[in-house]
Amino acid sequence: MTGLTLPRVLIPESKIKQRIQDLATEITFDYRGKELTVICVLKGSFIFFADLIRQIDLPISCEFMGVSSYGNKTASSGEVKMTLDMTEPLNGKHVIIVEDIVDTGLTMQYLVNNLKARKPASLKICSMLVKPESLKCDVEIDYVGFKLGKEFVVGYGLDHAGRFRQLPYIGIVENEH
Ligand code: 5GP
């Protein structure tokens, strides 16, 4: 990260680790006796996903989907585009969508509608971050890591114009002068 001003820490690595452990324990309990299909929504959730699934004590299958809504902007365009679809059918499976952040909720609404049509036995949502004040549609997030205000955050998988995904914490980019 040489030559860049590092984002200010909002949620430190230790807090993220602890929260992921709690979420994984809750999921393991809720789905005991079942097999689980977990869907990683690329790109932003890849780090959260990798850390979360390694703490879940259940037989799981991992799937990957790509959606894009923002381009390089920091405000939702409201348009959602699928950039990668998964390879396996979801029919009759217990599915959790693992997302990095729910802002307006439009991406999640699109995903839920798309995946419900594939007739899973159950469908739940886990998001590392949620911005309740920004929600524009009625999506219920079953497992929430942290609630935020309206600030734009980076790190731990989240980017700003392609940068900062590898930061081990969640931070805020200070105004660039
Ligand atoms: P929504 O459709 O809920 O408005 O937006 C979802 C997507 O917007 C997320 O998957 C993420 O890619 C992007 N997004 C929303 N808020 C933030 C933020 O604070 N930081 C970053 N890096 N991306 C965000």
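The values are calculated or read from the model by the stated rules, or taken from the named source; none is laboratory data. These numbers come from a predicted model, not from an experiment. Glycine gets a Cβ as well: all are built from the backbone with ideal geometry, and neighbour counts include every protein chain shown.
Restricting the range 148-177 to residues that are among the aliphatic types (A, V, I, L, M) and modelled with pLDDT under 95, the residue that is nearest to Leu6 (Cα to Cα) is Val173.
Of all residues in the range 131-153, those that are touching a strand residue (DSSP E or B) at 6+ places or on another chain (Cβ under 9 Å), in a loop (DSSP other than H, G, I, E, B) and more than 11 Å from the ligand (Cβ to nearest atom) total 2.
Within the range 95-130, the set of residues being more than 7 Å from the ligand (Cβ to nearest atom) and part of a helix (DSSP H, G or I) comprises Gln109, Tyr110, Leu111, Val112, Asn113, Asn114, Leu115, Lys116. The listed residues are Val153, Val144, and the only one of them that is more than 15 Å from Ile20 (Cα to Cα) and β-branched (Val, Ile, Thr) turns out to be Val153. Considering Gly92, Gly162, Gly157, the condition of being of a type in the set (Gly, Ala, Ser), on the phi > 0 side of the Ramachandran plot and surrounded by 16 or more Cβ atoms within 10 Å (Cβ to Cβ) is satisfied by Gly157 alone.
Taken over the range 97-132, residues that are in contact with a helix residue (DSSP H, G or I) (Cβ under 7 Å, 6 or more places away or on another chain), touching a residue at least 40 places away in the same chain (Cβ under 8 Å) and under 18 Å from Asp30 (Cβ atoms) amount to 5. For the condition exposed (fewer than 15 other Cβ atoms within 10 Å of the Cβ) and within 16 Å of the chain's Cα centre (by Cα), Met82 qualifies.
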